[in-house]
Amino acid sequence: MLSSADFALIGHPESWSAAAAVLSALRGRQPAIPAQDLREIIPWIPPRTVCRVRVRSSCGREARGVYIDSFIPPDRLEARFLRENLVRVRGAAEYAIREGAKIVTLGGFSSILLEGKLDLLPQHPGTSFTTGNTLTVALILRGMERAVDIAGRSLRTASLLIIGASGDVGSGCACCLAPRVKRLLLCARNPDRLQKLRAELMRLGTEIEVGTDVRQLAAKADLIVCAASLTAPAILLDGVAAATIICDAGYPRNLQPGSVPVHGAVFFGGLGQAAAGFRLDPDLEGILNPHPFPNVAHGCLLEGMALALEGRFEPFSRGRGLITASRVDEIWEIAVKHGLTLPPLFNADGPVERRISNLSAEARA
Amino acid sequence: MEDANFKKPSATEASANEHAAQVWRDVLAQAVTGELVAALNYEALAGICTEPDEKAEALEHAESEKGHAARFTAAGRDLGITVAADVYALYWKRMRSAFMSRVRAADFIGCLLVQEVMLESFAVAGYQQIAEVAPGKLGKTFAVIAIEEAEHIDHAVGMLREERARNSEAFDEKVHRLHEEVMTTFAEMVAREDRGGHCGLCYGNCVKPSLPAVGLSLGNIRGASLHHYLKILDAIGLPGESTLGWVAQLPV
């Protein structure tokens, strides 16, 4: 064991530019690694701690942890690389155990081990694993509530589309939002899973439509939660109705700088902010978390921090389709207690709340 | 009369075979030189061992490395290749010099770090990559020797873990210092371009651009070596964020 950590956060580079930024920061004044060399080197780096993390609670507590990168190459997230990626994630989980972490978040793709490949997850009596998906769902909900409020609209009258609805985050959002919206549109690649989810949610009395065609459903929605990374993100730009509010909660993100719909507004969902701050050593803040506001991180990673600050070293989020409204409320209460809340809404181009507030006026005009 | 089963190679095939043989000649020159450097290093290490069993083991390793060099040379001969070797060639001389500075300082642990962790990582991972594509007996020779080299490393890891447990700060600092000296040389050696000039082992022009002709990838050899090296450092107990930073700073 290297040193004792309260928590470990396991992630992977969101893009080649993100991977390049980390290595460039570690190279100091030396010239950046050429793109071709970077693409040759990254796949060979074994999972390892990239930086140490210290997070403060707004009620005075402190927790120490590590950020472990599994170094899954950003262009190898597809199904055909599943086997090699599972080996990497397992290696990262073993590394977290070696670091002595009591609670480990399997962020992004890594969550697959807890969502359905539990037999591959290494076991250790002092270490629990969580996907962090419950706090991600909570932050998506809070974000959508804020966006709707800023736009002067109501969830009650909204037609809300969830893309990636059969995934753990998507189904968690569906479960929590179904009783609160006028019409719920659910989109995913697997029609059987969609029908199953529809049957479960029909009990709530909400009007529900399901389908596998994003473009067709997007045209009917005025609110969209994108809980998956799309192979063709442009659908989100050209297929939406005027004044649509889109929460992009995919990882990797679907919408890059400059690519926002002309008639709608996009904000990045599932992100939270630590009010009392966190520190990274080496200081990779701004590289690992390139956001316009400080101390912002992905909800899944913040769930690990929240559980560590609360001293609840338990597998809070695991399995698939098990996120309920009461569990979302529970993790949100813990997060808020420690000052882990919703940051101002933003996207790849910067803050976006003003844009959202202008939407209704634009639609009327 | 010509054998009915014998298919005379076309001019293109003959040219490709000749080109492949030239590549293997240069690859083998690096392997044989590396083994001879290792043999010399272990002989020098024996000179500073205080325990008789350590001295015997170092001499045994030296013999083993000489045996590897002989097997590579023989494998080349089977392909009709005369393999060159030069322990004073540009990069090998620098790596040997780093090792000898540790010998002069009677630094047994430093010697283990240079030879068993750094140079052997390159040997094991590089040989494994070559074994996957090298034809017939040559491939088998690389595969078997890779396994034998890996056994050396396993032996060293336990000793180095114990040494680190005594004073981790001083140990990590020593590894870093040697890393900068040896692994920088290694990184220059496997970089796409030879900024320091001809390596002194390739028969003609640098072999690196020709490696794909026999199915080898310089990127994979470099990547696999760094992967192996980082895993060994992990096994010894060095913090991942430190070793990642060191590797990130190597020349490309």
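Here are some notes:
- Put simply, chains A and B cover up around 2000 Å² of each other's accessible surface, both sides summed, when a 1.4 Å probe is used.
- FRET efficiency for the pair A:Asp75 and A:Arg189, taken as 1/(1 + (r/R0)^6) with r the Cβ-Cβ distance and R0 = 22 Å, rounds to 0.65.
- Tensor-based shape of the stretch A:3-91 (alpha-carbon gyration tensor, a/c under 1.5 rounded, otherwise prolate or oblate): oblate
- Label-zone membership for the stretch A:102-130, site A:Glu84, 7 angstrom Cα→C-beta point, backbone N under 11 Å: none
- Backbone amide hydrogens, once placed in the peptide plane, bring A:Val104 within less than 5 Å of A:Ala8, A:Ser128, A:Phe129, A:Thr130, excluding anything fewer than 5 places away on its chain.
- Modelled spin labels at A:Glu314 and A:Cys59, positioned 7 Å past Cα toward Cβ, are 1.6 nm from each other.
- The stretch B:94-252, relative contact order [Cα under 8 Å, separation at least 6], %: 33
- In a DSSP loop and with at most 14 other Cβ atoms within 10 Å, the chymotrypsin sites (Phe, Trp or Tyr not before Pro) in the stretch B:7-103 are B:Tyr88.
- FRET efficiency, A:Arg279 to B:Ser10 (Cβ-Cβ, R0 51 Å, nearest 0.05): 0.15
- Nitroxide proxy distance, nm - points 7 Å out along Cα→Cβ at A:Lys196 and A:Val336: 3.3
- Under 5 Å between amide hydrogens, built in the peptide plane, is the criterion, and for A:Val210 it picks out A:Leu186 among residues at least 5 positions away or on other chains.
- For the protein assembly as shown: rounded, prolate or oblate by the Cα gyration tensor [a/c cutoff 1.5]: prolate
- Per atom type, the stretch A:1-109 shows carbon and sulfur on 53% of its accessible surface, probed at 1.4 Å.
- Highest to lowest packing among A:78-85, A:157-164, A:335-342, scored as the average C-beta count within 10 Å: A:157-164, A:335-342, A:78-85
- For the protein assembly as shown, the solvent-accessible area works out to 42 Å² per residue, with a probe of 1.4 Å and every protein chain left in place.
- Counting only lysines at least 8 places from B:Lys208 when in the same chain, those with an alpha carbon closer than 29 Å to its own are B:Lys66, B:Lys93, B:Lys137, B:Lys140, B:Lys231.
- By definition, a body whose alpha carbon gyration tensor gives a ≥ b ≥ c is rounded when a/c is under 1.5, and the stretch A:1-149 falls into this rounded group.
- Extension gain for B:Asn17 to B:His198 (0.36 nm times residue separation, less C-alpha to C-alpha distance): 62.7 nm.
- Dimensionless Rg over Rh [the stretch A:226-365; C-alpha; Kirkwood]: 1.00
- Backbone N under 15 Å from the B:Cys206 label point (7 Å along Cα→Cβ), restricted to the stretch B:165-195: B:185-195
- Taking trypsin sites (Lys or Arg not before Pro) across the stretch B:47-85, none is in a DSSP loop with at most 14 further Cβ atoms lying within 10 angstrom of its Cβ.
- Percent accessible area from carbon and sulfur atoms, the stretch A:116-257, protein chains only, probe 1.4 Å: 50
- Local electrostatic count, B:Leu119, Cβ distance below 11 Å [Lys/Arg +1, Asp/Glu -1]: -4
- Shielding value for B:216-228 is 3, the average number of Cβ atoms from other chains within 10 Å of each residue's Cβ.
- Protection-proxy order for peptides A:140-153, B:27-40, each taking the mean of Cβ atoms within 10 Å per residue, highest first: B:27-40, A:140-153
- Translational D in µm²/s for chain A (Stokes-Einstein at 10 °C, 1.306 mPa s, Kirkwood Rh from C-alpha pairs): 77
- Counting all C-alpha pairs of the stretch B:89-152, share separated by more than 14 Å (%): 62
- Computed from Cα atoms, the angle from the helix A:82-98 axis to the main principal axis of chain A rounds to 60 degrees.
- Of the trypsin sites (Lys or Arg not before Pro) found in the stretch B:150-198, those in coil by DSSP whose Cβ has at most 10 other Cβ atoms within 10 Å are B:Arg195.
- Calculated from backbone phi, Karplus (6.51, -1.76, 1.60) coupling profile of the stretch B:162-171 in Hz, x at Gly/Pro: 4, 5, 5, 4, 6, 7, 5, 5, 5, 5
- Shielding by other protein chains, A:36-45, mean Cβ within 10 Å: 5
- For the stretch A:126-247, the fraction of alpha-carbon pairs lying more than 26 Å apart is 15 percent, rounded to a whole number.
- Only aspartates and glutamates eight or more places from A:Lys220 in sequence, or on another chain, were considered; those with a Cα closer than 20 Å are A:Glu145, A:Glu207, A:Glu209, A:Asp238, A:Asp248, A:Glu362.
- Summing charges over all other residues whose Cβ lies under 14 Å from the Cβ of A:Ala20, with Lys and Arg as +1 and Asp and Glu as -1, gives -3.
- Degrees separating the helix A:325-337 axis from the principal Cα axis of chain A, which is the longest one: 60
- Cα long-axis angle, helix B:11-48 against chain B (0 to 90 degrees, to the nearest 10): 20
- Chain A: most fluctuating residue of A:Gln36, A:Gln256, A:Gln273 per GNM, C-alpha cutoff 10 Å: A:Gln36
- Taking all Cα pairs closer than 8 Å and separated by 6 or more residues, the relative contact order of the stretch A:200-312 comes to 18 percent.
- The amide H of A:Val266, built 1.01 Å from its N in the peptide plane, has A:Ile246 as neighbours under 5 Å, considering only residues 5 or more places off or on other chains.
- Our analysis of the stretch A:303-362 gives Rg over Rh at 1.14, with the two radii drawn from alpha carbon positions and Rh computed by the Kirkwood formula.
- Taking every residue in B:234-240 and counting other chain Cβ atoms within 10 Å of its Cβ, the average works out to 5.
- Karplus-derived 3J(HN,Hα) values for the stretch B:116-132, using 6.51 cos²θ - 1.76 cosθ + 1.60 with θ = phi - 60°, are 7, 9, 7, 5, 6, 4, 4, 5, 4, 5, x, 5, 4, 4, 5, 4, 5 Hz; glycine and proline are entered as x.
- Sites B:Ala106 and B:Glu148 - FRET efficiency at Förster radius 25 Å, r taken between beta-carbons, to 0.05: 0.35
- The mean sequence separation of alpha-carbon pairs under 8 Å and at least six residues apart, normalised by the residue count of the stretch A:68-180, gives a relative contact order of 20 percent.
The values are calculated or read from the model by the stated rules, or taken from the named source; none is laboratory data. Computed from a prediction, not measured in an experiment: that's the story for all the values here. In this analysis, Cβ positions are derived from the backbone assuming ideal geometry, glycine residues included, and neighbour counts consider all displayed protein chains. Only protein heavy atoms, including side chains, enter the accessible area calculation; ligands, DNA and RNA are left aside. Shrake-Rupley method; radii C 1.70, N 1.55, O 1.52, S 1.80 Å.
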